[in-house]
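Peer 1: Once you've had a glance at the structure underneath, I'll fire off some questions.
The values are calculated or read from the model by the stated rules, or taken from the named source; none is laboratory data. Small disclaimer: the values here were computed from a predicted structure and weren't measured. Cβ placement follows ideal geometry from the backbone for every residue including glycine, while neighbour counts extend to all protein chains displayed.
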Amino acid sequence: MIKPKSVEEVIETARIEEVVQDFVNLKRRGVNMIGLCPFHAEKTPSFTVSPSKGFYKCFGCGKGGDAVNFIMELEQMDFPEAIRYLAKKYGIKLEETEVSQEVREEQQYQESLFLVNEYARQYYQDQLFNTDVGKSVGLSYFRERGFREEVIRKFGLGFAPDKKDAFTLNAVNKGYNPELLKKLGLTSQYGRDFFRNRVMFAIHNLSGKVIGFGGRILVKDIKAPKYINTPETDVYNKSKVLYGAFFAKRAIRKEDECIMVEGYTDVLSLHQAGIENVVASSGTSLTVEQIRLVKRYTENIKILYDGDLAGIKAALRGLGMVLEEGLNVKIVLLPEGEDPDSYLQKVGTEAFREYITQEAKDFIMFQAGLLQDEAAGDPIKKAKLIKEIVESIARIPDPLKRSLYVRECARIMEADEQLLVNEANKVVAQKFRKGQQEEQRAQLKAEAPQPDEIFTTSTPRAPEKQAATGDEFQEKDIVRILVAGGGEVFDKEENITVAQYILSNIEDVMDNFDHELYGQVVRECHNRLLSGEPVNTDYFLNHIDEDIRQLAINLLSTPYEYSENWEKRWDIFLTTQKMPDENFTRDSTQALKRFKLRKLNKMIRQNAEKIKALFEQKSDDYMLYLKLDQKLKALRNELAEELGTVVL
């Protein structure tokens, strides 16, 4: 187990914006930073990072937390694994206590998978550099391709020997579990090596951990596939991975563009030449998950194709989903017979850069040009192809972009612009109706009784979430101030904090909060003050109770910000007081008055019911409660006047 002191050091050191930027392309907006949420698909950024407060919040899917929570959610790690990840990132040495072997194995199953893969990477690389056959076959191949040793080591290239169980026996002798070797696809069910007599390419996740391998055969054997990949495992899903993404993500953000190639060696060649914003789809059609991975870092993607027109036309049909995700796609057609690796080797880095910049064509325009050439002189074929390109344009979510593409395509295809507009609108409307129908079906399915609900009535359904009732709104406001500024100074002369001021004024009603969670937070704050412990934001953001932690994030988050134009355009400055969300003295006073007013109104209603009951009973206590009613109303009216509130 990791010692609490080390955990605290990691949490204090980790900067939320630095951690998130390893996975999401963030842009500054006022005091916060925004980007596309990595937890759900979205086209408009709703994911906000607050460097000053140290947490993230998505206003689309609702997820939020600190740096540790972000890594846990995104990388599917448990708390210790996330702490170790951040400790490695910031160079912090962790102090740990020993745990039993059984507990260690249970806690570190996924970590064990990564460790086995890392061992495999080391084994294959050792075979490449330190065995005669590895050097003569594998290393010679890489060097013939022009790869330098630092790139070979950086990307984890290696060599698998042509022996049926050399790796498996070696791993088992080193103490690695044979079952884990099988789960990772490194060993077959019969105890044989999955990769044999192949040069090896390690595949990394966005954290830099090895999750799988690709192997290329070097002998010409028509019975064996040229490339084979690790099968699907608990840590490797091919459709969600882009080769080289870990090494490319910083460059993609910097260049604001991702270059997409097909193969491993294309990535290696471009990266070695200094073109580092490059990834590969590893010979498969792009998936939605891969596209969204790119979109975390940039909305601009440039796809390089070799000169095979038949292959390009087939690939273009699968790019509709890229348009649907709102990416700006450009296509570069390399000279006939060339791939990115070969052409780079042929012309050099500068000429290659110049070529892919000058020859890059917008995807829709590129498609229109191909179709125009294909349909030349054939009106029927031309009409069919126009319909095909209109369907592509209709996938673009931005209506302004759609209209511009329609206009340009009408010019290129020599067609009536309004006709294309009408056709595009038909496709858009059809997609909209289809989406509505799918939503309705999903809703009906969700509302339909499940089998256990049909035959049993003992377990009622959970009630739907309802709007806040009673005093919950005012209670929430009190909790918001305690979370955001409980430790701030309320009165310098009396040396009291905001938490002390608020809690001393509501001690008599602390146990009567309508909302259970708000009451729990208030009572916990009171207990901390009594024990001399501080009430501050960090305490709530790192609270052991998940409900309280999420409540703190929600209370501290807002999708709105004060416009910079007050100062930049209108020269209007806030000079007499702090910004509203930092003016805790005034905020506390006003919130407390509103809270008291609400409670007084509640007491007046309860007292009125008591008066009515005593009157009907002709009790002697009737006059006593009548006087109490007058006193409560006098206090209420005085408080309402201070707040400028009309009492009906």
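Peer 1: Can you tell me which residue within the stretch 1-16, out of those that are surrounded by fewer than 19 Cβ atoms within 10 Å (Cβ to Cβ) and free of Cβ contacts under 8 Å to residues at least 60 places away in the same chain, is farthest from residue 293 (Cα to Cα)?
Peer 2: 4
Peer 1: What about residue 384, is it touching a residue at least 12 places away in the same chain (Cβ under 8 Å) and either assigned by TED's automatic domain parsing to the domain that holds residue 262 or among the acidic types (Asp, Glu) (or both)?
Peer 2: No: the conditions fail for residue 384.
Peer 1: Further question: For the stretch 318-437, which helices (runs of 4 or more DSSP H) that fit wholly inside it have 3 or more residues that are over 24 Å from residue 289 (Cα atoms)?
Peer 2: So the answer is 340-347, 349-358, 363-374, 379-394, 399-413.
Peer 1: So the check is Cβ under 6 Å with 6+ separation or different chains; which pairs have a first residue in the stretch 200-224 that's within 17 Å of residue 248 (Cβ to Cβ) and a second one that's polar (S, T, N, Q)?
Peer 2: 210/117; 211/205; 214/229
Peer 1: Also: Quick test for you: out of 227, 190, pick the one residue that is among the hydroxyl-bearing types (Ser, Thr, Tyr), outside the structural domain of residue 25 (by TED's automatic domain parsing), without any contact (Cβ under 8 Å) to a residue 12 or more places away in the chain and out of contact with any helix residue (DSSP H, G or I) (no Cβ under 8 Å at 6 or more places or on another chain).
Peer 2: 190
Yes/no per residue for (1) in the same structural domain as residue 336 (by TED's automatic domain parsing); (2) touching a helix residue (DSSP H, G or I) at 6+ places or on another chain (Cβ under 7 Å); (3) surrounded by fewer than 18 Cβ atoms within 10 Å (Cβ to Cβ):
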residue	(1), (2), (3)
208	no, yes, yes
214	no, yes, no
231	no, no, yes
264	yes, no, no
274	yes, yes, yes
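For every residue, the table says whether it meets (1) at pLDDT below 75; (2) among the hydroxyl-bearing types (Ser, Thr, Tyr); (3) assigned to a helix (DSSP H, G or I); (4) crowded, with 17+ Cβ neighbours inside 10 Å.
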residue: 577; (1), (2), (3), (4): yes, no, no, no
residue: 588; (1), (2), (3), (4): yes, yes, yes, yes
residue: 611; (1), (2), (3), (4): no, no, yes, yes
residue: 614; (1), (2), (3), (4): no, no, yes, yes
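Peer 1: Could you count how many residues in the stretch 49-73 are within 19 Å of residue 234 (Cβ to Cβ) and surrounded by fewer than 20 Cβ atoms within 10 Å (Cβ to Cβ)?
Peer 2: Matching residues across the stretch 49-73 total 2.
Peer 1: Show the residue pairs that are 6+ apart or on different chains and have beta-carbon atoms under 7 Å apart, the first residue being within the stretch 508-523 and over 20 Å from residue 554 (Cβ atoms), the second being surrounded by fewer than 16 Cβ atoms within 10 Å (Cβ to Cβ) and modelled with pLDDT of 85 or more.
Peer 2: Listed by first residue and then by second, the contacts come to 510/523.
Peer 1: Any chance the stretch 239-260 includes a residue that's surrounded by 14 or more Cβ atoms within 10 Å (Cβ to Cβ) and of a type in the set (S, T, N, Q)?
Peer 2: No.
Peer 1: If you don't mind, there's one more thing I want to ask. Considering only the stretch 22-33, state which residues are crowded, with 19+ Cβ neighbours inside 10 Å and in contact with a strand residue (DSSP E or B) (Cβ under 8 Å, 6 or more places away or on another chain).
Peer 2: 24, 25, 26, 32, 33 - these are the residues of the stretch 22-33 that are crowded, with 19+ Cβ neighbours inside 10 Å and in contact with a strand residue (DSSP E or B) (Cβ under 8 Å, 6 or more places away or on another chain).
Peer 1: State yes or no: is residue 146 at pLDDT below 95, loosely packed, with under 15 Cβ neighbours inside 10 Å and either of a type outside the set (Val, Ile, Thr) or under 26 Å from residue 342 (Cα atoms) (or both)?
Peer 2: No: the conditions fail for residue 146.
Peer 1: Only helices (runs of 4 or more DSSP H) wholly contained in the stretch 168-275 count here; list those with 3 or more residues that are in contact with a Phe, Trp or Tyr (Cβ under 7 Å, 6 or more places away or on another chain) and not hydrophobic (A, V, I, L, M, F, W, C).
Peer 2: Hits in the stretch 168-275: 264-272.
Peer 1: Go through the residues of the stretch 358-371 one by one and say whether even a single one is within 30 Å of residue 296 (Cβ to Cβ) and surrounded by fewer than 13 Cβ atoms within 10 Å (Cβ to Cβ).
Peer 2: The answer is yes, given that some residue of the stretch 358-371 is within 30 Å of residue 296 (Cβ to Cβ) and surrounded by fewer than 13 Cβ atoms within 10 Å (Cβ to Cβ).
Peer 1: Next question. Taking residue 378, is it in contact (Cβ under 8 Å) with a residue 60 or more places away in the chain and over 27 Å from residue 282 (Cα atoms)?
Peer 2: So residue 378 does not fit the description; no.
Peer 1: Give the residues of the stretch 179-224 that are polar (S, T, N, Q) and under 30 Å from the mean Cα position of the chain (by Cα), sorted by residue number.
Peer 2: Answer for the stretch 179-224, where residues must be polar (S, T, N, Q) and under 30 Å from the mean Cα position of the chain (by Cα): 205, 207.
Peer 1: Go through the residues of the stretch 369-379 one by one and say whether even a single one is among the hydrophobic types (A, V, I, L, M, F, W, C), at pLDDT below 80 and farther than 29 Å from residue 278 by Cα.
Peer 2: For the stretch 369-379, residues among the hydrophobic types (A, V, I, L, M, F, W, C), at pLDDT below 80 and farther than 29 Å from residue 278 by Cα: present.
Peer 1: Right, here's the next one. Of the residues in the stretch 391-442, how many are among the β-branched types (Val, Ile, Thr), modelled with pLDDT of 80 or more and within 17 Å of residue 321 (Cβ to Cβ)?
Peer 2: Matching residues across the stretch 391-442 total 2.
Peer 1: Hey, another quick one. Looking at 86, 113 in this structure, which one is outside any loop (DSSP other than H, G, I, E, B) and in contact with a Leu (Cβ under 9 Å, 6 or more places away or on another chain)?
Peer 2: It is 113.
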